[in-house]
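Chemist: What follows is a structure written as structure tokens; I'll ask about it next.
The values are calculated or read from the model by the stated rules, or taken from the named source; none is laboratory data. Given the structure is predicted, the values throughout are model-derived calculations rather than measurements. Reconstructed Cβ throughout: ideal geometry from the backbone, glycine too, with neighbour counts over all protein chains shown.
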């Protein structure tokens, strides 16, 4: 049973815990995201490790503090290792985060998404179309009723969270986090963020880092997204394009002062409809 | 039949078409290039996807607007997926670009180069020694007659274009594009470009993005190289080394103003000898 | 037989040799390090190539001037190729450098470390815990006697160097190089360096580049570490976080003026205890 915080979430306290703990995050992620994800985690104060071979993935998952799995550049051996690592993480009581990149694009991805859902992720983080595709498949193709894309994503996220018992985070211009009972919306970030590759994938690692030792995965996920968005907002104040944005973003993550985060005005938590 | 433009090529119009379309570019590329290539395509206004498993490569190639294949870090499963994706792209009427990295270096690469040539690329982009190696192998080892390296590359490019019906782009200090009938030379760029890894590989993605909806692959390829060189020239005005160049280059691609490109003075098109 | 320099090591002369030679460095490295390693080698004046398939790794290793092997993101096919490439490099008289990333973390890595040690690396470069793990395994688990971590790493490095006939470099806040007879300590660098991913892995490539045509691998390794640390120190004077540090570091490597390096005051060589 997790504590169901309903008051404002203290992102600063979550960040302070992460920095003190410097958790080891095991990532089986895509080939494009590996480097930026490692740099994002290091800038934030966590310790990343990329380990994907079946010969060691499960063993390593049990050693690490949290696991992330991202299907961006999938292949059969990797998918097997993902399942084994997810099972090992679960057995060892470690949180793990699923990033279902482009899960609706091909049959192979749809199957991979369903196989990984069965390994019971602690958090699922994706964009609106990924969360919609994942929920639509799992719920037998009925899909959501809403025609408004933001409303549809919210319905899908809540439904997916209730069905899988995972926290679901939908990221985009406005981020959304739900555990099926509560709902948080986080603004922040910057329009240049989608012009830098795999910042979403790297965020999945950040969510995992915030989950370590967290009592409430919903609150930890929300805090992770709030900190990430705040770093993005700050990076955007000096960037002149996606190249300089990526550099300033790492500097901003590194410089995130948790004293300043408590004033973050964009965090709202409410009951899920 | 493509339209054989012989007048000056309007790079600005090609760039404007790309930005309006925001094409989805499917890349099976090398492990070093994946991240820079994705960032270059995003900065320019295209949408990159890296998908390499045989389980989905062909299916995805038919969904995307164009495909690129790069043999930089080759392995057997990847090569199989490359062939299947190239065939699917061709069947779906999508353009695809071959980047024959270091094709002359090992027997494995020489064989891979020939296998992929048989999949009929729309464009082949390489440096002079790669184009020379590819043409020498395919033409039964006769090779070119010229002893001057630039002249030799030009002869090889024209011969390769005529034999394969592909547009051939040879990039270096001065770039060269030919379809066997026409020839364009593009200057621009900056001496720091070869000191940043995989900028050539990323250019292959840019060529693919310019090919989408283009009537004339020769003109589209030439426009792609002109825009890329112009971004390089601009980045070089502020860079103090390869690190700052890479950052400034992404910002310059993002900021490329097509109104300014029409004044680009270095674009010449002539008949191939 | 290598020349056993005991006087001060002239880093500037080693760097000048490297820049004149522009050696081709073949790297079978981890998926996170590939891009930064290539950029570091290009900035320094070497020519990187990443080639990992069994179909060509040995053939390519014999063509290149030096080889590096890094087990960071290991898998079975890669490990086979690593062994074959290392054997080919040795047969061709080329130096090769082993980077035993996290070698103590899993059984698979421990076995890989021992298999690669049998291929007789010219240099082994790792952090203190990796060198300790490698020596502890190889020496039958006896381990080192010291309880002080720095002293323990020094003992392990000397012991590993004597047992394997390799030069051993232990990098950290203060770097240490030994061939079992001589010992050098190099300070320099910057506290932000460990916050940028795979700068240690990239250093392995730099060591390989310095080894090419070097008479004394111990001196060449020491010079490599001194130059790298000096570039780090310079980058740290302008960086405001890990993002800007990574950019400034590449610029600093590119700008390293060997005339300034001769004044480097932090290089000490002594007899190994």
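Chemist: Counting only residues that are more than 11 Å from every other protein chain (Cβ to nearest Cβ) and touching a residue at least 40 places away in the same chain (Cβ under 8 Å), which one in segment A:250-259 is surrounded by the most Cβ atoms within 10 Å (Cβ to Cβ)?
Modeler: Kept after step one, since they are more than 11 Å from every other protein chain (Cβ to nearest Cβ), are these residues of segment A:250-259: A:257-259.
Now drop any that are not touching a residue at least 40 places away in the same chain (Cβ under 8 Å), which leaves A:258-259.
Details: A:258: 17, A:259: 9.
Applying the filter and picking the extreme gives A:258.
Chemist: Could you list, in sequence order, the residues of segment A:160-210 that are part of a loop (DSSP other than H, G, I, E, B) and either buried (at least 22 other Cβ atoms within 10 Å of the Cβ) or within 14 Å of chain B (Cβ to nearest Cβ) (or both)?
Modeler: Initially, segment A:160-210 is screened for residues part of a loop (DSSP other than H, G, I, E, B), giving A:165-166, A:171-174, A:179-181, A:187-192, A:196-198.
Matches in segment A:160-210: A:166, A:171, A:179, A:188, A:189, A:190, A:191, A:192, A:196, A:197, A:198.
Chemist: Taking the residues in segment B:29-65 that are more than 10 Å from every other protein chain (Cβ to nearest Cβ) and touching a residue at least 40 places away in the same chain (Cβ under 8 Å) as candidates, determine which candidate is farthest from residue A:75 (Cα to Cα).
Modeler: Step by step, filter segment B:29-65, then rank; the result is B:46.
Chemist: Does segment A:128-136 include one or more residues that are under 25 Å from residue C:32 (Cα atoms) and either under 16 Å from the mean Cα position of the chain (by Cα) or within 14 Å of another protein chain (Cβ to nearest Cβ) (or both)?
Modeler: Narrowing segment A:128-136 to residues under 25 Å from residue C:32 (Cα atoms): none.
So far as segment A:128-136 goes, no, none of its residues is under 25 Å from residue C:32 (Cα atoms) and either under 16 Å from the mean Cα position of the chain (by Cα) or within 14 Å of another protein chain (Cβ to nearest Cβ) (or both).
Chemist: May I ask you to verify whether residue C:68 is under 28 Å from residue A:75 (Cα atoms) and either in contact with a helix residue (DSSP H, G or I) (Cβ under 6 Å, 6 or more places away or on another chain) or facing chain B (nearest Cβ under 7 Å) (or both)? Before you say what the answer is, go through the steps one by one.
Modeler: Working: under 28 Å from residue A:75 (Cα atoms): yes; either in contact with a helix residue (DSSP H, G or I) (Cβ under 6 Å, 6 or more places away or on another chain) or facing chain B (nearest Cβ under 7 Å) (or both): yes.
Yes; evaluated as a whole, the condition is true for this residue.
Chemist: Consider residue B:213 against the criteria (1) modelled with pLDDT of 95 or more; (2) surrounded by 18 or more Cβ atoms within 10 Å (Cβ to Cβ); (3) more than 14 Å from chain C (Cβ to nearest Cβ): it satisfies all of them except one. Which criterion is unmet?
Modeler: (2)
Chemist: Further question: Whether any residue in segment C:218-231 is surrounded by fewer than 24 Cβ atoms within 10 Å (Cβ to Cβ), under 15 Å from the mean Cα position of the chain (by Cα) and within 19 Å of residue C:46 (Cβ to Cβ) is what I want to check.
Modeler: Taking every residue of segment C:218-231 in turn, none turns out to be surrounded by fewer than 24 Cβ atoms within 10 Å (Cβ to Cβ), under 15 Å from the mean Cα position of the chain (by Cα) and within 19 Å of residue C:46 (Cβ to Cβ).
Chemist: Got a number for residues in segment A:9-44 being in contact with a helix residue (DSSP H, G or I) (Cβ under 7 Å, 6 or more places away or on another chain) and part of a helix (DSSP H, G or I)?
Modeler: The initial filter retains those residues of segment A:9-44 that are in contact with a helix residue (DSSP H, G or I) (Cβ under 7 Å, 6 or more places away or on another chain), namely A:9, A:11-12, A:14-16, A:18, A:23, A:25-33, A:35-37, A:39-44.
Filter once more, keeping what is part of a helix (DSSP H, G or I): A:11-12, A:14-16, A:18, A:35-37, A:39-44.
Counting residues in segment A:9-44 that are in contact with a helix residue (DSSP H, G or I) (Cβ under 7 Å, 6 or more places away or on another chain) and part of a helix (DSSP H, G or I) gives 15.
Chemist: I'm checking my understanding of the structure. Among residues of segment C:84-96 that are surrounded by fewer than 19 Cβ atoms within 10 Å (Cβ to Cβ), out of contact with any helix residue (DSSP H, G or I) (no Cβ under 6 Å at 6 or more places or on another chain) and touching a residue at least 12 places away in the same chain (Cβ under 8 Å), which one is farthest from residue A:38 (Cα to Cα)? Don't jump to the end; show me each part of the working.
Modeler: Our first condition is that a residue be surrounded by fewer than 19 Cβ atoms within 10 Å (Cβ to Cβ); within segment C:84-96, this holds for C:84, C:87, C:90-93.
Restricting the remaining residues to those that are out of contact with any helix residue (DSSP H, G or I) (no Cβ under 6 Å at 6 or more places or on another chain) gives C:87, C:90-91, C:93.
Among the residues that remain, those that are also touching a residue at least 12 places away in the same chain (Cβ under 8 Å) are: C:87, C:90-91.
Values: C:87: 32, C:90: 33, C:91: 36 Å.
Once the filter is applied, the top-ranked residue is C:91.
Residue-wise test of (1) at pLDDT 95 or above; (2) farther than 22 Å from residue B:108 by Cα.
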| residue | (1), (2) |
| --- | --- |
| B:121 | yes, no |
| B:124 | yes, no |
| B:135 | no, no |
| B:140 | no, no |
| B:150 | no, yes |
| B:160 | yes, no |
| B:197 | yes, yes |
| B:202 | yes, yes |
| B:228 | yes, yes |
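Chemist: If only one of A:12, A:102 is more than 14 Å from chain C (Cβ to nearest Cβ), under 16 Å from the mean Cα position of the chain (by Cα) and either surrounded by fewer than 24 Cβ atoms within 10 Å (Cβ to Cβ) or at positive phi (or both), which one is it?
Modeler: It is A:102.
Chemist: If you go through segment B:108-127 one residue at a time, how many are surrounded by fewer than 23 Cβ atoms within 10 Å (Cβ to Cβ), away from every other protein chain (no Cβ under 14 Å) and touching a helix residue (DSSP H, G or I) at 6+ places or on another chain (Cβ under 7 Å)? Before the answer, list the steps.
Modeler: Of all residues in segment B:108-127, those surrounded by fewer than 23 Cβ atoms within 10 Å (Cβ to Cβ) come to B:108, B:110-111, B:114-115, B:117-120, B:127.
Restricting the remaining residues to those that are away from every other protein chain (no Cβ under 14 Å) gives B:114, B:117-120.
From what is left, the residues that are touching a helix residue (DSSP H, G or I) at 6+ places or on another chain (Cβ under 7 Å) are B:114, B:117, B:119-120.
Residues meeting the conditions: 4.
Chemist: I'm trying to understand the selection: among the residues of segment A:235-249, which are surrounded by 20 or more Cβ atoms within 10 Å (Cβ to Cβ) and part of a helix (DSSP H, G or I)?
Modeler: A:235, A:242, A:243, A:244, A:245, A:246, A:247, A:248, A:249
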